[in-house]
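Data block below; observations after.
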Amino acid sequence: MIFRMKKDQLEEIKDQLKQKGYKLTTQRRIILDSILDNQDKHLSIEEIYKIVKEKMPEIGLATVYRTIMLLNDLKVLNKIDLDDGCSRFELSNSEDSHNHHHLICIKCGKVEEAEDDFLESLEDQIEKEKGFKVVNHIVKFYGICKDCKKE
């Protein structure tokens, strides 16, 4: 099931690249595989590079950087700032019109996603009262994760 989902995602991304005139080169494929294999993490370019380097030792950081920037420009990836001093990336969910929320542990730095859109009713209220149509928002909750609470 997970393999099928990854294969479907890869085909969708391949189509997006092709529509914009890009090819899914071997390097791009390995970078995408690394991102797809680590979807539950919010990786920096350096972390992606480290993973990719294990699979393809000859790849350069500049290639990984250019590929990540291309995928970000094509909206395949979202660039996120988790206030830790570096940009992180996650796969875009084309079915989602809003970003999801992030739960950030202030003790260990672990990041989890909260998939529910907690602010939908607030957005409706803002539009009703202020006439302001919210098209997106970014919310980060800081706290202590369940593993750190056990300690």
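The values are calculated or read from the model by the stated rules, or taken from the named source; none is laboratory data. None of these values were measured; they are calculated from a predicted model. Note that each Cβ is placed from the backbone with ideal geometry, even for glycine, and that neighbours are counted across all protein chains shown.
In table form, for the structure just shown:
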quantity: Sole exception among (1) closer than 29 Å to E12 by Cα; (2) in contact (Cβ under 8 Å) with a residue 12 or more places away in the chain; (3) in the same structural domain as D8 (by TED's automatic domain parsing) for E58, by number; calculated: (2)
quantity: The stretch 64-77: number of residues that are crowded, with 18+ Cβ neighbours inside 10 Å and either in contact with a strand residue (DSSP E or B) (Cβ under 8 Å, 6 or more places away or on another chain) or hydroxyl-bearing (S, T, Y) (or both); calculated: 5
quantity: Qualifying residue in the stretch 115-136 (condition: outside any loop (DSSP other than H, G, I, E, B), surrounded by 12 or more Cβ atoms within 10 Å (Cβ to Cβ) and modelled with pLDDT under 85); calculated: no
